[in-house]
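Just below is one structure, and these are the notes that go with it.
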Amino acid sequence: MSDAVRPSTTQLGMPALPAEPYPTEVHQRLAADAKEIIARYPDSRSALLPLLHLVQSEEGHVTRTGVQFCADQLELTTAEVTAVSTFYSMYRRKPSGDYQVGVCTNTLCAVMGGDAIFEELQRHLELGNNETTEDGKVTLEHIECNAACDFAPVVMVNWEFFDNQTPDSAKSLVDDLRAGREVTPTRGAPLCTFKETARVLAGFPDPREGAVEAGGGAGPASLAGLRIAKGEVPAGQPSDRSKSSGPVDQPVPHAGEEPPSTHPSSHDAPQPTASEESASGEED
């Protein structure tokens with residue numbers, strides 16, 4: 001059969017219809033919020049990120065309707081808004097749970113048990129990565145470093161910290177979330193739903209009692225170097241965590257002291273510069 005009469009196997013679909021607008025009451029409410037957000041920025045385009053959080057707080061993910069709303073408010077194309085909303089993982093592209101359970105599987109959390117926690121939760125919830133339980137309560141995902149390595153392995157729920165987790169404690173956590181039992185983060189603000197979190201990220205006041213005052217600062221291991229620099233801990237003295245969980249770090253010399261004659265790792269030891277190598281070659 002010649003190409004001229006060969007039947008085509010390519011099927012062209014109909015272009016997507018314009019996104020359905022929000023109901024009038026919802027549109028008016030979001031438009032008032034959007035106006036408040038946009039007024040914070042000298043360039044209205046800079047308001048796109050908080051506006052995406054705003055529409056996400058309405059439906060739990062960024063829908064085509066939300067994209068169109070943001071584009072209309074900022075006089076952008078839907079392609080421009082979509083490019084931003086699909087770049088950042090904090091914007092969900094499909095319906096997700098009331099509680100986003102993220103297990104850190106970056107290097108330190110992974111070796112401390114993060115991989116085991118994630119695998120156990122997948123089995124326990126019968127979910128794959130970025131999937132949601134049938135009751136719509138929990139979405140499970142693996143996440144990258146959240147700068148909490150001294151609390152590894154870390155699980156986050158709607159960006160609140162649950163530190164020093166184990167497979168068993170993580171299973172209890174998701175079971176409590178699904179059952180509607182009260183769950184308290186290890187540190188930081190009280191827990192709320194993902195939609196409520198998105199509205200706070202859009203820049204609106206946090207209504208949770210004590211949320212603003214709640215702290216989620218760094219732990220002792222993160223602050224050890226600062227404490228030594230301030231003279232609060234003598235150089236070489238083990239921190240509280242190192243006493244119980246691992247070897248003592250190499251002594252840190254004070255100003256004017258000679259550094260240790262040996263280095264714990266040749267990979268970390270200072271390497272000769274190009275100029276030093278060149279000078280050495282000339283002397284030879």
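Which helices (runs of 4 or more DSSP H) does the stretch 165-284 wholly contain that include 3 or more residues that are under 30 Å from Ala34 (Cα atoms) and either of a type outside the set (Phe, Trp, Tyr) or at pLDDT 90 or above (or both)?
Working: elements: 167-179, 194-201, 220-229, 240-245, 274-283.
The helices (runs of 4 or more DSSP H) meeting that bar are 194-201.
If you scan the stretch 122-139, which residues turn out to be small (Gly, Ala, Ser) and surrounded by fewer than 12 Cβ atoms within 10 Å (Cβ to Cβ)? Can you show your working first?
Kept after step one, since they are small (Gly, Ala, Ser), are these residues of the stretch 122-139: 128, 136.
Within the stretch 122-139, Gly128 is the sole residue that qualifies.
From the list Ala198, Ala211, pick out the single residue that is buried (at least 19 other Cβ atoms within 10 Å of the Cβ) and either among the acidic types (Asp, Glu) or in contact (Cβ under 8 Å) with a residue 12 or more places away in the chain (or both). Show your work before the answer.
Details: Ala211 fails: buried (at least 19 other Cβ atoms within 10 Å of the Cβ).
Every option except Ala198 fails the conditions.
Could you list all residues from the stretch 54-66 that are assigned to a helix (DSSP H, G or I) and crowded, with 21+ Cβ neighbours inside 10 Å?
Narrowing the stretch 54-66 to residues assigned to a helix (DSSP H, G or I): 54-59, 64-66.
Listed by number, the residues that qualify are Leu54, Val55, Gln56, Ser57, Gly66.
Given (1) open to solvent by 20 Å² or more (accessible area, probe 1.4 Å); (2) under 10 Å from the mean Cα position of the chain (by Cα), identify the lone condition not met by Ala179.
(2)
If Ala34 passes every condition in (1) within 30 Å of Pro153 (Cβ to Cβ); (2) aliphatic (A, V, I, L, M); (3) at pLDDT 95 or above but one, which one does it miss?
Answer for Ala34: the failing condition is (1).
Just the residues that are of a type in the set (Gly, Ala, Ser) and surrounded by 20 or more Cβ atoms within 10 Å (Cβ to Cβ), please, taken from the stretch 30-53.
Here is the first cut: in the stretch 30-53, the residues of a type in the set (Gly, Ala, Ser) are 31-32, 34, 39, 44, 46-47.
If the condition is that a residue be of a type in the set (Gly, Ala, Ser) and surrounded by 20 or more Cβ atoms within 10 Å (Cβ to Cβ), then Ala34, Ala47 are the ones that fit.
Quick one: Phe69 ticks every box in (1) under 22 Å from His27 (Cα atoms); (2) out of contact with any helix residue (DSSP H, G or I) (no Cβ under 9 Å at 6 or more places or on another chain); (3) in a helix (DSSP H, G or I) except a single one, so which number is it?
Evaluating Phe69 over (1) under 22 Å from His27 (Cα atoms); (2) out of contact with any helix residue (DSSP H, G or I) (no Cβ under 9 Å at 6 or more places or on another chain); (3) in a helix (DSSP H, G or I) leaves (2) as the failure.
Kindly list, by first and then second residue, each pair from a residue in the stretch 24-38 that is within 15 Å of Thr65 (Cα to Cα) to a residue that is of a type in the set (D, E, K, R) and part of a helix (DSSP H, G or I), limited to pairs with Cβ atoms under 8 Å and residues at least 6 apart or on different chains.
Val26/Glu58; Leu30/Glu58
What's the number of the condition Pro153 fails, among (1) in contact (Cβ under 8 Å) with a residue 12 or more places away in the chain; (2) outside any loop (DSSP other than H, G, I, E, B)?
For Pro153, the failing item is (2).
Just checking, does the stretch 127-145 include any residue being at pLDDT below 95, aliphatic (A, V, I, L, M), closer than 21 Å to Gln56 by Cβ and assigned to a strand (DSSP E or B)?
Yes, the stretch 127-145 contains a residue that is at pLDDT below 95, aliphatic (A, V, I, L, M), closer than 21 Å to Gln56 by Cβ and assigned to a strand (DSSP E or B).
Can you pull out the residues in the stretch 84-97 that are of a type in the set (A, V, I, L, M, F, W, C) and either outside any helix (DSSP H, G or I) or open to solvent by 60 Å² or more (accessible area, probe 1.4 Å) (or both)?
Within the stretch 84-97, the first condition is being of a type in the set (A, V, I, L, M, F, W, C), and the residues that meet it are 84, 87, 90.
Once the filter is applied, which keeps residues that are of a type in the set (A, V, I, L, M, F, W, C) and either outside any helix (DSSP H, G or I) or open to solvent by 60 Å² or more (accessible area, probe 1.4 Å) (or both), the stretch 84-97 yields Phe87, Met90.
Please name all residue pairs, on different chains or six or more residues apart, with Cβ atoms under 7 Å, provided the first residue is in the stretch 108-130 and is over 19 Å from Ser172 (Cα atoms) and the second residue is part of a helix (DSSP H, G or I).
Leu108/Cys149
The values are calculated or read from the model by the stated rules, or taken from the named source; none is laboratory data. Just so we're clear, the structure is a prediction, and the values are computed from it rather than from any experiment. Backbone-built Cβ (ideal geometry, glycine too); neighbour counts: all protein chains shown. With ligands, DNA and RNA removed, areas are computed over all heavy atoms of the protein, side chains included. Shrake-Rupley method; radii C 1.70, N 1.55, O 1.52, S 1.80 Å.
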